[in-house]
Amino acid sequence: MTELIRLNKRMAELGLCSRREADDWIGKGWVKVNGEVAVLGKPVSPMDRIEVDKLARGQQDKQVTILLHKPMGYVSGQAEDGHTPAINLIEARHQWRDDRSTIRFVPRQRMGLAPAGRLDIDSVGLLVLTQDGRVARQLIGEDSQVEKEYLVRVQYGKLAAGEQQTDVQSLFPADQLARLCHGLHLDGQALKPAVVDWQNPEQLRFVLKEGRKRQIRRMCEQVGLTVVGLKRVRIGRVKLGQLPVGQWRYLAPGEVF
């Protein structure tokens, strides 16, 4: 017997939109199943034919995705503990002057703009803010395989006040580097294999396909490392590049993660 699932979940699986968008479209009468206008919560099978009205497609075409070089001290999501949310930087005066997009910024674009993946308040680098549920699902969905690359400055072991290490690489055991790549657990669950290697004597490169809360910092703690600087430089095929700190640009047409 073919298993039935909710229509919004099926639409998300097909990459048509996010579940929230699907519910919105269904509520507006923009979705048909086997030629009939669908209702919220409708169960469907993989054999059912799903059609989406061109009005929904038009709405999607107007959605924007923004790439921000998040500075330290900003939170990725909603304001918390008195800290400023990163979305406050999405203003015309902070748009990168080298942004080659033809999209014209208007304040209403901030409506529905949400982070697709987070950066800690004390981390910097590439942060994606999007109105497009397809982008969000690609980057942070349960089955996401998109790589995220980070440059991480570290210190090893307990240091005296004011002490600095200039060659952490020579001090750090090779078997512990191997554990960073595969073998660690967080919150009782095994982490997916990662790529971790030295970029210079004080800096590691991490390439992950998951994003648990403060994951890199917690991974480092388990092997005796302390993170003193963390910067995300790539998400999938999109790089931070020369985007200045505190400035943003649009995801360009044809640019994909």
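Which ones in segment 208-230 are β-branched (Val, Ile, Thr) and more than 19 Å from residue 122 (Cα to Cα)?
Hit for segment 208-230 is 223, nothing else.
Given the criteria surrounded by 13 or more Cβ atoms within 10 Å (Cβ to Cβ) and part of a helix (DSSP H, G or I), does residue 232 qualify?
When the stated conditions are applied, residue 232 does not pass them.
Against the conditions (1) on the phi < 0 side of the Ramachandran plot; (2) surrounded by 15 or more Cβ atoms within 10 Å (Cβ to Cβ); (3) not aromatic (Phe, Trp, Tyr), where does residue 212 fall short? Just the number, please.
Among (1) on the phi < 0 side of the Ramachandran plot; (2) surrounded by 15 or more Cβ atoms within 10 Å (Cβ to Cβ); (3) not aromatic (Phe, Trp, Tyr), the lone unmet condition for residue 212 is (2).
Of all residues in segment 2-25, count the ones that are under 22 Å from residue 114 (Cα atoms) and either of a type in the set (A, V, I, L, M) or assigned to a helix (DSSP H, G or I) (or both).
Counting residues in segment 2-25 that are under 22 Å from residue 114 (Cα atoms) and either of a type in the set (A, V, I, L, M) or assigned to a helix (DSSP H, G or I) (or both) gives 14.
Out of all the residues in segment 66-108, which are of a type in the set (Gly, Ala, Ser) and either within 17 Å of residue 243 (Cα to Cα) or within 22 Å of the chain's Cα centre (by Cα) (or both)?
If the condition is that a residue be of a type in the set (Gly, Ala, Ser) and either within 17 Å of residue 243 (Cα to Cα) or within 22 Å of the chain's Cα centre (by Cα) (or both), then 73, 76, 77, 79, 86, 92, 101 are the ones that fit.
Check residue 134 against each of (1) modelled with pLDDT of 90 or more; (2) within 30 Å of residue 108 (Cα to Cα) and name the one condition it does not meet.
(1)
Restricting segment 94-133 to residues that are small (Gly, Ala, Ser), part of a loop (DSSP other than H, G, I, E, B) and touching a Lys or Arg at 6+ places or on another chain (Cβ under 8 Å), which is surrounded by the most Cβ atoms within 10 Å (Cβ to Cβ)?
Initially, segment 94-133 is screened for residues small (Gly, Ala, Ser), giving 101, 112, 114, 116-117, 123, 125, 133.
Then drop every residue that is not part of a loop (DSSP other than H, G, I, E, B), which leaves 101, 112, 116-117, 123.
Checking which are touching a Lys or Arg at 6+ places or on another chain (Cβ under 8 Å) leaves us with 101, 117, 123.
Working: 101: 16, 117: 19, 123: 22.
Ranking the qualifying residues of segment 94-133, first place goes to 123.
Within segment 26-59, which residues are touching a Gly at 6+ places or on another chain (Cβ under 9 Å), assigned to a strand (DSSP E or B) and within 20 Å of residue 134 (Cβ to Cβ)?
The one that is touching a Gly at 6+ places or on another chain (Cβ under 9 Å), assigned to a strand (DSSP E or B) and within 20 Å of residue 134 (Cβ to Cβ): 51.
Starting from residues that are in a loop (DSSP other than H, G, I, E, B) and of a type in the set (D, E, K, R), keep the ones in segment 134-171 and report whichever is surrounded by the most Cβ atoms within 10 Å (Cβ to Cβ).
Quick first cut of segment 134-171, residues in a loop (DSSP other than H, G, I, E, B) only: 141-147, 157-167.
With of a type in the set (D, E, K, R) added as a condition, the list becomes 142-143, 147, 158, 163, 167.
Numbers: 142: 5, 143: 7, 147: 15, 158: 8, 163: 8, 167: 11.
My answer is 147.
The values are calculated or read from the model by the stated rules, or taken from the named source; none is laboratory data. Model, not experiment: these values are computed from the prediction. For neighbour counting, all protein chains shown are included, and Cβ atoms are generated from backbone atoms with ideal geometry for every residue, glycine included.
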